Amino acid sequence: MPLETVDLDSLTEPQRLAATHLDGPMLVLAGPGSGKTRVITSRVAYLVREAGIAPWQVCAITFTNKAAAEMRRRVECFLTERQARAANLSTFHALCAKLLRQHGQRVGLTPNFSIYAMDEQQALAKQAIEQVKLPATSFQPSALLGRISSAKNELVDCHAFAAQASGFVEKNAAKVYVAYEKLLRANQAVDFDDLLVFAVRLLSEHQDIRGQVQDRWAYLLIDEYQDTNIAQFRLAELIAGPRGNLVVVGDPDQSIYRWRGADIRNILDFESHFPNARVVRLEQNFRSTQHILTAADRLIGHNTGRKPKKLFSDLGDGQQVRIVRYLDGSAEAQQVARWLMDLHVTHGVPYAQMAVFYRVNALSRELETAFRNAAIPYQIARGTAFFERKEIRDALAYLRMLVNPDDSLALERIVNLPPRGIGAQSLKAVEAWRIQHGLSLFQAMKQAEHITGLKARAIASLKAFTDQVDRWRHDLDAPPDDSLIGGQSEYRLRAFVERLIRQSGLEKFYKGKEQEPDEERALNLGELVSFTQQFEQELLRTMDEPPTLRARLEALMERVALVSDADGLESESGMVSLMTMHTAKGLEFDAVAVIAAEDGLLPHQRASQELEELEEERRLLFVAMTRARKWLQVSHTQLRMVFGNMQSAIPSRFLREIKGAGVREKRDDTPAEFQGGRGDVESVTGSAFAPGVEVNHPMFGRGRIIQASGGRLTVRFETFGIKTLMRDIAPLSRV
DNA sequence: TGATGGACTCTTTTT
DNA sequence: GAGTCCATCA
């Protein structure tokens, strides 16, 4: 494939300045839709192809895997595959993980350390609270984890935290922090925040490695700089080093992660921190029409202490922004679905170019129902959801404890799953032995016959279990078996995972149950196998030599630990995307609907006390609005279901701030035509729907069934043409 | 030892 | 409304 040329002439003056800047620090203030991604990719291409810089000297850091993948895809148009591979384009967390796999020993980590995500953190925090013997009722794991996380983001370790803790709550939090850290280390594990903390420690304490890194990544670029926290700032500083070839790109008006430790001062104070920094402003918007931009600008204008910025577009006024009031959430969901369908039908807007944003995940449910009933294809951005499922986490725990023998948390999770007669009592005895002899849990299990208080049956079970684990571990390091035919040896990891699911008894455990949800669990395990194969395929494609089975598994574990929600979105899917406003950052769509703009939800109850919080909520809506290219509507309702009961809702104060020229207000008080999902149509399912029968659909109107098979109905509608609907779900009635 | 059912608490946003 | 935790029973 011929490489594209780096076309600097098609860039605006400020864009070109940013793309061709070479030495020293630079701050690129990039408003929404200002061609930021284009600048970044042009820059990488320019550095390598025009300025003669080796691709491996380029390091560009983003926040999400999706953004990193997108960058890689675009860069691959300009560079050879080899060059693109050599450049470091990754997320902060992936970069840190890579550094620590290589040099982690220098800061006390084994190369095969586990990465604990929320669930494991929660479990560990609970153990820590138990150890510290706190009154369990007054200390919630999640609240304590929040404190610990903030501390880590500010590079405050548990000892420093304990030293400065004052008051009952703080002192106890400190105790938990200390215990939690100890548990992490005992499991040879790090949490998300630790990835940054340890990387910073590695680079600040070890001059030789810092030197290597600084020499290597001589050209550093950081995207979404407004969302960096102290640890990330420090890391950037350490990598950039005295040379200071640091280009940061961001927009203070899109800073929405304060609650996660992001410090907006990083971008606001960049110029005073790097006095020789050049500043470039990208203010022309290439995405949205003027009405959308004006409305968004009016909103954000209510924030104080901003860097002044004027957004302009030459795409024309476009459609007016709609502010719509609906009766309740289910009417809202239905009318939003109808609005999008209408855009699809009358303006030919592809569904893939549409999105619905909401403040909290819980709001997706009614939308799902509405989209399903209207037979509109949709996807929800919850990339992590799959990996949070019990059965998937079970399988992953097996894999994790194989890779990391010290990961007792994973081991505890699966030792008796499926039940093999190693119950809580037996585990207690093993645990006591483990502590007494200073062993890891697995080592202790292997000495089962010496452990007092274990019944013969438990000893036998433990022996069988540890033998099996040893066999699996042995397999991990066995040479590939070339006698296997049909590509078996190519997808070694896939084969291994498949076998493990079977041999562990997980498959039978979940399949054996006749209940419906467990049927689904077995299917999900199958999906994990497919995911593994996909991952392995990709891995083999990007490596010069096929990695060992163990290396493949380690790579898989890392990938799984670092998935994020936006990763699940497919852009070529033909589906409407539903997601939180946070996940929406960095994306764009032709048509956008923002729902539930109501007091308490937007701004959120828990973020409307302090001015700082309130302004962040305003920025959140600003981000959401500026995702839209041509159509934008923001809606609210009179009634909102909260906690299962209806409450009357107050329109968001932000709506008042948006109103003005180019914005049209509308009321739509029609009640939802169809309540709920499956339940209500049961009376008219089955043979009532046969070919030839005339039906009515709340959204598609009248039509005639032309085919019925496998629970699916193909219907020719008078106005909407031929559609295939699920018989038991679609809200059809006979005419 | 394991499964089942009921009571109980939460819900912001995520790498 | 829904997931989690705990207590009770087979």
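The values are calculated or read from the model by the stated rules, or taken from the named source; none is laboratory data. Just so it is clear, the structure is predicted and the values come from calculations on it, not from any experiment. Glycine gets a Cβ as well: all are built from the backbone with ideal geometry, and neighbour counts include every protein chain shown. SASA here: full protein model, heavy atoms, side chains in, ligands and nucleic acids out. Shrake-Rupley method; radii C 1.70, N 1.55, O 1.52, S 1.80 Å.
Return a yes/no flag: does the range A:420-432 have any residue that is assigned to a strand (DSSP E or B), more than 15 Å from DNA strand C (Cβ to nearest atom) and either of a type in the set (S, T, N, Q) or surrounded by fewer than 18 Cβ atoms within 10 Å (Cβ to Cβ) (or both).
So far as the range A:420-432 goes, no, none of its residues is assigned to a strand (DSSP E or B), more than 15 Å from DNA strand C (Cβ to nearest atom) and either of a type in the set (S, T, N, Q) or surrounded by fewer than 18 Cβ atoms within 10 Å (Cβ to Cβ) (or both).
Would you confirm whether or not the range A:297-314 contains a residue that is away from DNA strand C (no atom under 16 Å from the Cβ), over 29 Å from the mean Cα position of the chain (by Cα), acidic (Asp, Glu) and in a loop (DSSP other than H, G, I, E, B)?
Looking for residues that are away from DNA strand C (no atom under 16 Å from the Cβ), over 29 Å from the mean Cα position of the chain (by Cα), acidic (Asp, Glu) and in a loop (DSSP other than H, G, I, E, B), one finds at least one in the range A:297-314, hence yes.
Yes/no per residue for (1) within 25 Å of A:ARG278 (Cα to Cα); (2) open to solvent by less than 10 Å² (accessible area, probe 1.4 Å); (3) not in a helix (DSSP H, G or I):
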| position | (1), (2), (3) |
| --- | --- |
| A:LEU195 | no, yes, no |
| A:ARG201 | no, no, no |
| A:GLN214 | yes, no, no |
| A:LEU220 | yes, yes, yes |
| A:ALA231 | yes, yes, no |
| A:GLU237 | yes, no, no |
| A:ARG243 | yes, no, yes |
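Tell me, yes or no, whether the range A:148-163 has at least one residue that is closer than 21 Å to A:ASN65 by Cβ, modelled with pLDDT of 95 or more and in a helix (DSSP H, G or I).
no
When you check A:HIS103 against the structure, is it within 16 Å of DNA strand B (Cβ to nearest atom), open to solvent by 10 Å² or more (accessible area, probe 1.4 Å) and touching a residue at least 12 places away in the same chain (Cβ under 8 Å), yes or no?
No; evaluated as a whole, the condition is false for this residue.
Is there any pair with a first residue in the range A:1-23 that is farther than 21 Å from A:GLU76 by Cα and a second that is part of a loop (DSSP other than H, G, I, E, B) whose Cβ atoms are under 6 Å apart and which are 6 or more apart or on different chains, and what are they?
Listed pairs, sorted by first residue: A:ASP23/A:ASN245.
Take the residues of the range A:51-66 that are hydrophobic (A, V, I, L, M, F, W, C) and open to solvent by 10 Å² or more (accessible area, probe 1.4 Å): which is nearest to A:LEU17 (Cα to Cα)?
My answer is A:ALA51.
Within the range A:336-356, is even one residue within 16 Å of DNA strand B (Cβ to nearest atom) and either touching a His at 6+ places or on another chain (Cβ under 7 Å) or not in a helix (DSSP H, G or I) (or both)?
Yes, because at least one residue in the range A:336-356 is within 16 Å of DNA strand B (Cβ to nearest atom) and either touching a His at 6+ places or on another chain (Cβ under 7 Å) or not in a helix (DSSP H, G or I) (or both).
For the range A:404-419, give me the residue count where each residue is buried (at least 17 other Cβ atoms within 10 Å of the Cβ) and free of Cβ contacts under 8 Å to residues at least 24 places away in the same chain.
1
Just name the residue that is modelled with the highest pLDDT out of those in the range A:613-642 that are within 16 Å of DNA strand C (Cβ to nearest atom) and open to solvent by 20 Å² or more (accessible area, probe 1.4 Å).
My answer is A:LEU639.
Which residues, taken from the range A:111-128, are at pLDDT 90 or above, surrounded by fewer than 21 Cβ atoms within 10 Å (Cβ to Cβ) and over 16 Å from A:ALA199 (Cβ atoms)?
The answer is A:ASN112, and nothing else.
Could you list, in sequence order, all residues of the range A:415-465 that are touching a helix residue (DSSP H, G or I) at 6+ places or on another chain (Cβ under 8 Å), more than 8 Å from DNA strand B (Cβ to nearest atom), basic (Lys, Arg) and more than 30 Å from A:ALA522 (Cβ to Cβ)?
Passing the criteria: A:ARG434, A:LYS446.
So which residues in the range A:535-574 are closer than 30 Å to A:SER288 by Cβ and either assigned to a helix (DSSP H, G or I) or at pLDDT 90 or above (or both)?
A:ASP565, A:ALA566, A:ASP567, A:GLY568
Being open to solvent by 40 Å² or more (accessible area, probe 1.4 Å) and either more than 11 Å from DNA strand B (Cβ to nearest atom) or touching a Lys or Arg at 6+ places or on another chain (Cβ under 6 Å) (or both) is the filter here, so list the residues in the range A:357-374 that pass it.
The answer is A:GLU366, A:GLU368, A:ARG372.
Sort through A:GLY421, A:GLY438 and tell me the only one that's out of contact with any Gly (no Cβ under 8 Å at 6 or more places or on another chain) and modelled with pLDDT under 85.
Exactly one of A:GLY421, A:GLY438 is out of contact with any Gly (no Cβ under 8 Å at 6 or more places or on another chain) and modelled with pLDDT under 85, namely A:GLY421.
Test A:GLU610 against the criterion of being under 30 Å from A:ALA295 (Cβ atoms), of a type in the set (Asp, Glu) and modelled with pLDDT under 90, and give yes or no.
yes
Taking the condition β-branched (Val, Ile, Thr), farther than 30 Å from A:VAL469 by Cα and at pLDDT 85 or above, does A:VAL403 pass?
no
Report yes if A:ARG393 is touching a residue at least 60 places away in the same chain (Cβ under 8 Å), of a type in the set (Lys, Arg), within 16 Å of DNA strand C (Cβ to nearest atom) and more than 23 Å from A:ILE658 (Cβ to Cβ), otherwise no.
The answer is yes for A:ARG393.
Inspect the range A:81-90 for any residue being surrounded by fewer than 17 Cβ atoms within 10 Å (Cβ to Cβ) and farther than 30 Å from A:ARG43 by Cα and give the result as yes or no.
Scanning the range A:81-90 turns up no residue that is surrounded by fewer than 17 Cβ atoms within 10 Å (Cβ to Cβ) and farther than 30 Å from A:ARG43 by Cα.
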